[in-house]
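The values are calculated or read from the model by the stated rules, or taken from the named source; none is laboratory data. Keep in mind the model is a prediction, meaning the values are calculated, not measured. Don't worry about glycine lacking a Cβ; one is built from the backbone with ideal geometry, like all the others, and counts go over all protein chains shown. Please note that ligands, DNA and RNA were not included when accessible areas were found on the heavy atoms of the full protein model with its side chains. Shrake-Rupley method; radii C 1.70, N 1.55, O 1.52, S 1.80 Å.
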Amino acid sequence: NAGVMQNPRHLVRRRGQEARLRCSPMKGHSHVYWYRQLPEEGLKFMVYLQKENIIDESGMPKERFSAEFPKEGPSILRIQQVVRGDSAAYFCASSPLAAGTGNEQFFGPGTRLTVL
Amino acid sequence: AQSVTQLDSQVPVFEEAPVELRCNYSSSVSVYLFWYVQYPNQGLQLLLKYLSGSTLVESINGFEAEFNKSQTSFHLRKPSVHISDTAEYFCAVSGDNAGNMLTFGGGTRLMVKP
């Protein structure tokens, strides 16, 4: 059973460009979370999605950031008009939310975004 | 609202010495507690978790953590560390409602020296 997959692993963008980060959850998992890890900091929650629905986006910046999890295909985190402050590691996690799992989340390897 | 505090940003220790990484949390609801480990340039791996039952939980590689409700703590311990334990360790908490996101502490960098 493959784990959570993220691509690309490394992404370099110039200021003003768009960044698209992809996440394929573990097989059988229908819940996806995105977290951001700024340099020398812990992970901060951004958004929680189920198939075709955004459940909680309380951690998402109000502008330039969006996320989706379509019926088919991976979840996408999109950052428009990137700025240097967007440079970070972005982690995706998935969860089966089966009863008794305590919301255990399985993390992907992350995408490291560098904005020049 | 929930929060997690890891008091020590870095913990240097010699190989084969014991170590404790501290974690305190605050929450208005019952919680689940987790420790994740992150090796350099890698993602997070679950080390151990407390959901219910026995307050002492163990991992397969010798770590253990004890849930202390009165002190709202979930400290991580290992009686004898190895060089390969060098990594960043994150304590995290989630509410007992399915679907709640994880709230992470700032992390503790464990540096094991020979």
Here the FRET efficiency for A:Arg64 versus B:Ser70, based on Cβ atoms and R0 = 45 Å and rounded to 0.05, is 0.55
Listed by chain and number, the lysines with an alpha carbon less than 19 angstrom from that of A:Lys71, same-chain partners under 8 positions apart left out, are A:Lys27, A:Lys51
So the FRET efficiency between A:Ile55 and B:Glu15, C-beta based with R0 = 41 Å and rounded to 0.05, is 0.40
Reduced to Cα centres, the span from the range A:52-102 to the range A:1-37 in Å works out to 8
Plugging the Cβ-Cβ distance of B:Thr55 and A:Gln81 into 1/(1 + (r/R0)^6) at R0 = 41 Å yields, to the nearest 0.05, a FRET efficiency of 0.25
For the table A:Lys44/B:Lys78; A:Lys44/B:Lys113; A:Lys44/B:Lys49; B:Lys49/B:Lys78, the rows whose alpha-carbon distance is greater than 23 Å are A:Lys44/B:Lys78; A:Lys44/B:Lys113
Taking every C-alpha to C-alpha distance in the protein assembly as shown and binning by 5 Å from 0, the per-bin percentages run 1, 7, 14, 18, 19, 16, 12, 8, 4, 1, 0
Given 4 °C, 1.567 mPa s and a Kirkwood radius over Cα pairs, the Stokes-Einstein diffusion coefficient of the range A:1-100 in µm²/s is 93
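Taking 0.36 nm per residue of separation and subtracting the Cα-Cα distance, what length does fully extending B:Ser80 through B:Asn41 add?
Extending this stretch completely gives an extra 11.5 nm.
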Given unit charges at Cβ for Lys, Arg (+) and Asp, Glu (-), the dipole magnitude of chain A about its Cα centre in debye, nearest 20, is 480
With +1 on the Cβ of every Lys and Arg and -1 on the Cβ of every Asp and Glu, the dipole magnitude of the protein assembly as shown about its Cα centre, in debye rounded to the nearest 20, is 860
Partner aspartates and glutamates whose C-alpha sits under 17 Å from that of B:Lys69, ignoring same-chain residues fewer than 8 away, are B:Asp96
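Normalised by the number of residues in chain B, what is the relative contact order in percent for Cα pairs under 8 Å and 6+ residues apart?
38
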Partner shielding of B:67-73, as the mean number of partner chain Cβ atoms within 10 Å, equals 0
Mean separation of Cα contacts under 8 Å (at least 6 apart) over the residue count of chain A, i.e. the relative contact order in percent, is 36
One checks the Cα atoms of the range B:1-78 and finds Rg and Dmax, in Å, of 13.0, 39
The answer for chain B, accessible area per residue at 1.4 Å probe in Å², is 48
